[in-house]
Structure formats: structure tokens, C-alpha cells
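FYI, it's all coordinate maths here, none of it is from the lab. Source: prediction; values computed, not measured. Backbone-built Cβ (ideal geometry, glycine too); neighbour counts: all protein chains shown.
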Amino acid sequence: MKLRLHAFEAASRANGPGVRAVLWTQGCSLGCVGCFNPETHDGGGGEELDVEALVGRVRRLAGGIAGVTVSGGEPLQQARPVMEFLRRVRAETGLSALLFTGFTWDEVARMPEAAGIAGCVDVLIAGRFEAARRRATGLCGSANKEVRFFSARYGPADLAGVPVAEAWIEAGGEVRVSGIDPPALRDRRA
Ligand code: SF4
């Protein structure tokens, strides 16, 4: 089964509690005004990878990370491969899993492909980004976001402690930023 991927990061601290591998899926048609990741919207962009290969990457990292985070793009517009990935990560590594989606919890609950989500995801952060209600803390981009804890692994204090942004400086000098509030880094540099 194939999943269209925008990016993969092996060690992030700003996408959930602890050090986490992060998958950003490619493709989103939800159209939130003010989205920070417009480069992830094109459903024909990114690269197609086997779920098996992605699970393998996570298996190799498993001793050094607390869990995986799946973000986007809109992960649940690829619900079958994303759920397959999450089920296998849970079964084969026991790592924690955090999933961001722009769909509301009510919409997710009606998706047949997302059945069983509570069995392989510890934290779901659901809902469109609403710029007028921008919050950018505790992994919630805006105040309308709904956080569902499906296990006892994490609670609100764990999310509140996640850094709002992080940056990587590549060998060629390119700077990549991530997190719920990357502009915070630009503000700090200014
Ligand atoms: S769901 Fe996420 S990726 Fe899609 S437009 Fe909204 S904020 Fe952007």
C-alpha cells in the first residue's frame, strides 16, 4: 500500500512530547485560510512510498524516539495507508502515536477507514485551522481544535510542554523550521 509523503523527519522535538519521528503527508483540499503548509496541498506532489518502507524507517529509529507524529497536508485524505501505517507502528514497535487532522472529530468518527483509530493513536488533534482564533500553543494552531486522548500515555500537561517551534540547519546552510508556531523563531531572530 502506498502513501504520498511530503517530508519525513527522524528526530523532532516540536511535534509532540519527547523526540519523535514525523511524517508530513502530501495533499490537502480543506483550504484553511492562513495555512502554514501550503506546499503540502498539491495531491500530486511529494513522493509515493510503500507503507512498509515507512514502517521500516520507524522500526530502525525505535530505540531512540518516544513516538511518531503524523501531520500534513491532510493525513486522513489518505486514511487507508495512514491507518495501516499507524496500526503497524503500534503493533511492531509499541511507540506512541500522535495524529493531526484538519477534519473535526465528528467527521473522523464517520470515516469507515478511520475505524480503530483509538487503538493505534494516543493523541488526536482535530479540526480546521481558524486564523481568527489562532492560538499556537499546546500543539493547537487555533482555539477550535479538539484534542482527544485515547490512552493514558499523555495528558494536557505533556502537550503544553512541547516547544512551539524548532529549526534545523542543513549541511548546505538551508534552514528548515517546524512546530505549531514557526514564526516565533523569526520573531526571536529579529
Ligand atoms: S487542514 Fe491543515 S494542511 Fe489542510 S489547509 Fe487546513 S491547516 Fe492547511
Hey, which of the strands (runs of 3 or more DSSP E) in segment 1-95, taking only ones fully inside, have at least 2 residues that are among the hydrophobic types (A, V, I, L, M, F, W, C) and at negative phi?
2-12, 20-25, 67-71
When every residue in segment 104-133 that is more than 16 Å from Gln78 (Cβ to Cβ), free of Cβ contacts under 8 Å to residues at least 24 places away in the same chain and in a helix (DSSP H, G or I) is compared, the one farthest from the chain's Cα centre (by Cα) is Ala132
Screening Thr69, Thr25, Thr93 for residues that are crowded, with 23+ Cβ neighbours inside 10 Å and away from the ligand (no atom under 11 Å from the Cβ) leaves only Thr69
